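Take a look at the structure set out below.
The values are calculated or read from the model by the stated rules, or taken from the named source; none is laboratory data. None of the values given here were measured: they were computed from a predicted structure. Neighbour counts run over all protein chains shown; Cβ positions are idealised from the backbone, glycine included. These area figures cover heavy atoms from the full protein model, side chains too; ligands, DNA and RNA do not enter into them. Shrake-Rupley method; radii C 1.70, N 1.55, O 1.52, S 1.80 Å.
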Amino acid sequence: MKGQAVQFVLSISQSLFHFIPNGGKSNTSLIVSWAFFFSLLLLSLPAGAGGWSPLSSDGYQWLEVDLGERTKVTAVATQGRYGSSDWLTSYLLMFSDTGHNWKQHRQEDSVGSFPGNSNADSVVQYKLQQPAVARFLRLIPLGWNPNGRIGLRLETYGCPHTSDVVSLDGSSSSLVYRSIPGWSPTSGEVVSLEFKTLRNSGTLLEAAAAAGGGSLGLELERGKLLLLLRQGGTSSSEPRRLASLGSLLDDQHWHHVAVEWRGAHLNLTVDKHTQSLDSLKPLVSKRNFHGCLENLLYNGLNLIERAKHEDQQVTLGDVTFSCAEPVSVAVTFPGPQSFLQLPGAMASASAGVSVGFQFRTWNEAGLLLTFDLPQEGGVVWLYLSEARLQLQIHKDGKALLELSAGSALNDGQWHSVDLTSGRGRLSVAVDEGGGGVAHASPSFPVSARHQLFFGGCPAEDDNRECRNPFDIFQGCMRLLTVDDQPVDLILVQQRLLGNYSHLQIDMCGIIDRCSPSHCEHGGLCSQSWTVFHCNCSDSGYSGATCHSPVYEQSCEAYKHNGDTSGHFYIDVDGSGPIGPQLVYCNMTEEITWMVIQHNNTELTRVRPAPGVNRHLVHFDYSSREEQLSAITGQSQHCEQELSYHCRKSRLLNTPEGSPFSWWLSGPGAGRLQTYWGGAQPGSRQCACGLRGDCVDPQHYCNCDADRPDWAADSGLLTHKESLPVRSLVLGDIQRPGSEAAYRVGPLRCHGDKNFWNAAFFDKETSYLHFPTFHGELSADISFLFKTTASSGVFLENLGIKDFIRIELRSSAQVVFSFDRPLDDDRWHRVRAERNVKEASLRLDELPAAARQAPADGHFHLQLNSQLFIGGTASRQKGFRGCIRSLQLNGVTLDLEERARITYGALCRNRGRCAEMPSGFRCDCGPSAYTGVFCHTEVSAAFKPATSVAYTFKGPYELARNSSAPPSSIYSDVTPRGENVSLSFSTSQSPALLLYVGSYYREYLALLVNKHGEEDIKTIFNSLLNSEKWITSLSRVRDLLFIFPSSDSDELDPDLARLASLGFTGCLSVVHFNSISPLKAALLHPDSSPVAIAGPLVRSGCGASASANPYAAENKHHLTDRSGSVGSGQPLVNAIRTDSALIGGVIAVVIFMVVAGLAITARFLYRRKETYRNQEVKGVKPEDSPDFPFNNQTDSQDASSENRKEYFI
C-alpha cells in the first residue's frame, strides 16, 4: 500500500519542555497542538521551522506520537531541527495500541536501530519492511550530533487500519460458524485472523468437518502456536501435532495467523513465517483462549462482521466487539548497568518482608533481588543459578541460610516468584507453588531495611547498600509488589518513585533468537539474552550456524588429500541441503571408485510363491534418494551390474513378444526399463544381442532361448540417468522346470566433475560473470587457487549498499592477514562464510579468522549485480592465475562452461594452466593441439605409403612387470569407454577411417564407403592372438582411420583389401583417451612409442576445414547397444561391451587425423535386424565385389574427384 503523510498529535505526559531534575536525569514531556504539528513536520519546506529539542540530550529522552486511531505505518522520515546543528544520527522506534506495553520495531527481525541524519536540512526516509499497525509511536534517540543537541522533525506515512474485533474471556466466550455446505479440508480452505493475549496457553480455533470427519485446531502452548489434527470426530480422540510455529506470542501484541489447506498441502503461517506439515508427538491444551481476535476470515468471509449483523450461521457466547486490554507494565533489564531501586518495607524490621514479581529470561544465571538485613552486615540475595531459583542469606561473610526452588526457569516463559517472611518462617515459591516451594525457619528476622534492588546494583563504587557477587540479570519483570502493594512502574519512569538506570520501562524486549532457528542441517539451537548457539554434534557440519560441511564431497577429494581405500562420509553438495552419507572409496586403481551398497548384492535364487506369477524384489540403498541422484549427477561415470541366470526362464521375450521381466530405475517410484545389463536404454536387448553372440541367433538374450541348460545374461548398466536399479520384476518363473537367479551389484561411480572444474585468468581484465549470488542470511564460498601474482580480486558481487568480495591483497593476505606466502605457484584453498552470527575466512588448514556480527543484530545481504569471478565490475584489480572447484552455498559454478562464452579461460582444448615465475603458460600435454593457448591444430598430409604405428603394451608384458592381479591391470589399460576426437578431409572413397582391436579379438572398423558416406562395420570374431599389437594409423577429416599392420593375416578380407589402398588426405588433432598419437609422431618422433613409415610432414591442411565444424565425442562403451545406422546417416551411438568380455587391454591403436575442431562420435555395432530407432532402407550390393562398403540409401553418383569434408 502506498503510504500518505499521516497527521497526528504529539503527546508526552508532562507540560511543554518541562525539566524534571531527578538524579541528574530528565524526560522531555509535551502536549502539542495541531498548529505546532505543522511547524514541526513540514520537513522539506522552509516553512517547517522549529522542531523538537529536549533540554537534556541524553539517553532518557523520547518523543511520543498519538496517531488518533490505529494506523498502518509504512514509513518514517526524519530531519534535524531547523536552522541549528541539532539532529539525530540513530534512533529506535516503538509502537503501541494503548500507550502502554510498547513493542520495538526491528529491521529484518534483528537490527533495532534506524539510521538518522547527517545534517539539519536533509530528509532521511526509511520504509518499514513490515508495516506496523498501532495508534501510538514512540521515537527514542540513540545518537545525535556530538557538536549539537538532540533535534528532530518527524513525519510518518501510512493509512488507516480497519478491523473487526471480538474479545474472549477464556471461560464462557465463544464464536461458532456453521457453513452450509459443510467443512471439508480437501476442497481448499483458508482461515486467517489476528490475535493478542497475555496467556501462553489456550485453544484459539477449532474447525470441525462433517460427522466423523475429524477437525483441525489452533492452540497456544507455552507461547507457541500449534496446528493439531484430531481424527474420528470426537473430542476425546488424541490429536496429532502437524506444525508448530512462533514464540513468545503471549506478549499482548497482535499476531497474524493463517491456515491454508489445499488438497494434500497444508501450511501454517504465523506473522511472516510459514511452516508446512510436520509430524510431532501429540499435545493437548486444556485451557480456553483469553484475549482478542481481529479480522477472523474464513474463505474470505468476515465472521466477526457477520456476527455483528446477527448472521444465523454465527453463534455467539458472551463476547464483546471490542478489545479489553489490561494494563500490564513490564520493565526490561537489557545490560550490565541495569538496575531498579525501590524503597523497602515501611513497617518495623520485625514485621518481615513480602516481595513478589514475575520474570522471564533466557539466561541461566543472574541476580533478581537483593536487600540488606536490619542487622549490620546481613544481606539477602535472590538469584538464578543453573536455571534454578536460589536464596542466600549472608552475614559477616558466612552463609546463614540457603534455599532452592524451581528448575528450567530460563525457558523464556513468565515465572512468578513470591518471597515472604514473618513469624519466624521464610518461604520462596515459584509459579504460585506449581514450580516448587522452599521453606526455612531462620533464627533471625528477615526484613528489608531501606532499599530493594532488582536486577543489579548501581555502578558507584561507594555504594555499600548493594553488592552483587553473581551474574547480572538480563530479562523482563512485571507485576512487582512490595508488602502486597503493586509498584507503579510509570511513576518510576517519571522519576517519582525509586531510581533506575538503563532500563526499558513499559515494554518487554525479549527476543526468541531460536524461532525461527538459524541453525542449519539439524543443529540444535540454544540461546542467552544476547546471542544464540548451535550445537552441531553429529550433524556432519560445523561453524556458528552448522553451515560448513565437515566431510569432503567425493572419494576423489579424499584421495587428493592422501587418504587410502576405506569407508568415508561424503557430502555431495557441501553446505547444501543434502546430508552426508557413508560410502566405500576404492582407491586401489588409478580411477577412484565410489561404491554405494544396497540390501542384497549377492547372487540370489528366485523362490516363487504359490499363486504369484511375478517375483518382485526391491533394493534399499545405504544412501537416500536425493543423495543417490546427486552422486550420479556429479560423477563422470556410473555403472551397476545386472545379471540373470536362467534355466527354462525367459527374460525379455525378444525379439517381438512382451517382456516377462523388467526393472525400475532412477528416483521416486522409478521408470520401467526393458533392456538388460550390457545393452542400451530402449533397445530391449541383452549384452549378447549387442555383440551378436546369443546362444540362439533368433533372440537378443540368452535366456530367451528357453533352453533346459543353465544360461546367463549379464552386463553393466552405464546410463547414469537410469541408475540406480530400484527394483526387479521377474515373470517367467512358475512353469515346470523353470529356475532363475539374479544379481544386482552395488552402484559404482567415479570422477568428480566439480573437483577439477577450473578457469585460468591471464590478465587483470579477465573475468567470468554469473547471475547474482543469493546468500541473504547464510552464504559460504570455497575454492582453490594458484598464482604467482601478489594481488587480485577472486570474487565480487555488488548491491546498492551491500557487497561481497574476496581478494588477494598481497603475497601473504587473503582479505584477512595470514603469515604465509600465497604466490608460491601451489594450490591454496579458501573457505569464506557469512551467517547471522559471524563472518569467517580460512586459508588451507590454518586457523580461521572471524569477525562477529554486530551486537544489535544482522542484515539480509542484498545483492543485485552480476557475480564476477576473477575480476571486478570496474575491470580493475583482476586476479591472474587459476581458480578451480568454486562453490557457493554448496553449488559448484561451472567455470569451464562459462569460459566458453567469455575470455576468462584461455587454455583451450583440454589444455591446463601452469604458472611460471614471470607469468603463465598453457600446458598442452593433455591436448591434441599445440600453441600458446592450445588452439593450434596438429595436422599432417598423408600419402598412400605413409603410416604411423603407435604401440601399446600387451597384457602379458604388463603382467610380467606388475604384481597386481590381472583385473586391476586390465582395468587401467582397458577402459570401459574410449574418448576419441579427430578431424579429417579426403577426396578418396572408399577409405578405411578407424580400426580398433582388442586383446579378446574384437575390433571396430569405421570407413568412408564408395559414395563418400560414413559407414561402420564392427565384427566380434577371431582376430589376433599375440602379446604385442601394432596397428597403423592414417587419418581423414573428422573420423579416425586405424588399420592393423600387414603381419595380421586374420583381418577381415574386406577390410584388408581396403587397408591395402593406403590413405590420401589430411589428418588433424587425433586424440584417443589421454593419448595424442599424431601429435607425438610429429613433435616427438624419437621419444614416443611411434613408428613412422613413408613421408610424414606437418601440414596446415587441418586449418582448411570449415570454420564451423560440428564436434562430437566418440565414447565406446562395451555394454551399450549400438545405434541404428541409416543410409547416409551419421553414426550416433557408441560401442559398449561388458568389461568381463574385454578383460584385457586394447592392444593396438593407430590413428591418422586431419583438420577441424575436436569432434566426438559414439560407435556401436548392432545386427541389421535390430535397427529399430532410425529409418532403414534396403541394402543394394554394388557392382564391384572388391569393395562391399557402399551407400545404402543414396542412388546418386558421387564423383570421387570432388573433395569431401565430414563432420560427425
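General remarks:
- Using the 1.4 Å probe convention, the accessible area of the stretch 55-203 works out to 38 Å² per residue with neighbouring protein chains retained.
- Entries of LYS720/LYS786; LYS801/LYS877; LYS559/LYS837; LYS127/LYS837; LYS753/LYS1079 with Cα pairs more than 29 Å apart: LYS720/LYS786; LYS559/LYS837
- Counting only protein heavy atoms and a probe of 1.4 Å, the accessible surface of the stretch 358-491 is 44% carbon and sulfur.
- By average C-beta atoms within 10 angstrom, highest first, the peptides 220-228, 154-162: 220-228, 154-162
- In order through the stretch 393-409: 3J(HN,Hα) via Karplus (6.51 cos²θ - 1.76 cosθ + 1.60), integer Hz, x for Gly, Pro: 10, 10, 8, 6, x, 10, 7, 8, 7, 9, 10, 9, 7, x, 7, 6, 7
- Under-5 Å amide H pairs with ARG726, H placed in peptide plane, nonlocal only: LEU664, SER665, GLY666
- For the stretch 686-819, carbon and sulfur atoms together expose 50% of the accessible surface, with a 1.4 angstrom probe and every protein chain in place.
- Evaluating 6.51 cos²θ - 1.76 cosθ + 1.60 at θ = phi - 60° for every residue in the stretch 607-617, the Karplus couplings come out as 10, x, 8, x, x, 10, 7, 10, 9, 9, 10 Hz, glycine and proline recorded as x.
- Rg and Dmax of the stretch 505-657, Cα atoms only, in Å: 23.6, 89
- Sorting 541-554, 139-152, 744-757 by average packing, meaning the other beta carbons within 10 Å per residue, from highest down gives 541-554, 744-757, 139-152.
- For GLY99, residues with placed amide H under 5 Å, excluding near neighbours: PHE136
- Highest mean packing first, where packing is the average number of other Cβ atoms within 10 Å per residue, the peptides 827-833, 66-72 line up as 827-833, 66-72.
- For the stretch 513-527 and the stretch 298-327, distance of Cα centres in Å: 38
- Cut-off under 5 Å, modelled amide H: who pairs with GLU807 long-range: PHE794, VAL815
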